[in-house]
Each structure stands twice: as structure tokens, then as C-alpha cells.
1. Treating cross-link reach as a plain straight distance, find the lysines whose alpha-carbon is under 16 Å from the alpha-carbon of residue 88, omitting any fewer than eight places away in the same chain.
2. Can you tell me which aspartates and glutamates have their Cα less than 17 Å from the Cα of residue 84? Leave out same-chain residues fewer than eight positions away.
3. What are the residues whose amide H is under 5 Å from the amide H of residue 113, where those residues sit 5 or more places off or on another chain and H is modelled from the backbone?
4. Among 13, 62, 47, which residue has its Cα positioned farthest towards the positive end of the charge dipole of the chain, with +1 placed on the Cβ of Lys and Arg, -1 on the Cβ of Asp and Glu, and the dipole taken about the Cα centre?
5. For the chain, can you list the cysteines whose C-beta has no other cysteine C-beta under 4.7 Å from it?
6. When 1/r is averaged over all different Cα pairs and the result inverted, which Kirkwood radius in Å belongs to the chain?
7. Relative to the longest principal Cα axis of the chain, at what angle does helix 53-79 sit, 0 to 90 degrees, rounded to 10?
8. Angle between the Cα long axis of helix 7-38 and the longest principal axis of the chain, 0 to 90 degrees, nearest 10?
Amino acid sequence: MWVKASPEEILAAKRRRRKRIVIVAVIMWIVASGIMAAIHGWREREALTIVSREEFIQRLPVCMFILGIVSFFAARSEMKRPTKICPKCEAIRRAKDGPVCKCGGRIVDITEVKWEQK
Ligand SMILES: [Zn+2]
């Protein structure tokens, strides 16, 4: 069952969540920048081709800059959208569902509770 987590556990869970979002954002940023820089034609609206190494190195900073901004805002918006749960019926809820679940339970941030075997 879901039980209330201690303040230290809440803090640790929030820290883990932030760290995970940052790691995912950085990996996506690097991989997407590499793909964007390596493939010619998506911007030029021509047939897609792999660019030469010189052109790749030339294109990479621009792609990293653009996707760095995109990744930053994606990570920031993800951090602002916490996962909510109803500890009573164990359903995952969205922030827009309001503070009370359909089953009557109170919806809380998932970092505020922890799973415990009965
Ligand atoms: Zn519920």
C-alpha cells in the first residue's frame, strides 16, 4: 500500500526525479544534435543525405545550440508537471484532475508517498 513518505524521503525522491529529467534531457540533446547535424536535407527540403565529417563539425554547434534551448525548456516543463497518485485506489492522476480522486481519495504528488508491502 502507499504510505506517506518522511520529509527526508520526499526530498530524496524529488532530487532523484530532477536528476533523472536532467540526464534524459542531456542524452536527448546530444543524440538529437548528432542526428540533426549528420543528416543534410531536413532543413534544405531536399533528399536526406549523410553529410561529410567537415560539414558535420560545421553544423554541430548550430544544432547543439538550437536543441539545447529545446531540451532546456522541455526539461523545465517536465519538472513543473509532477506525477500525481491517489494512494487509495492507486491510480496515476494528472495535475489537472484536481485534488480529489473519483474514488474520494486525496490526490498527492508521487514523491510524497512510498510503496510498502502489507
Ligand atoms: Zn482514487
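Derivation of every value follows stated rules applied to the coordinates shown; laboratory data play no part. What you see is a predicted model, and the numbers here were worked out from it, not measured in a lab. Cβ coordinates were reconstructed from backbone atoms using ideal geometry, including for glycine residues, and neighbour counts include every protein chain displayed.
1. 4, 102, 114, 118
2. Partners found: 9, 97, 109, 112.
3. 5
4. Of 13, 62, 47, it is 13.
5. If one checks each Cβ against the other cysteines of the chain, 63 turn up with nothing under 4.7 Å.
6. On the way: mean 1/r = 0.0580 Å⁻¹.
That comes to 17.2 Å for the chain.
7. Taking Cα atoms only, the helix is inclined about 20 degrees.
8. Orientation of helix 7-38: about 20 degrees from the principal axis.
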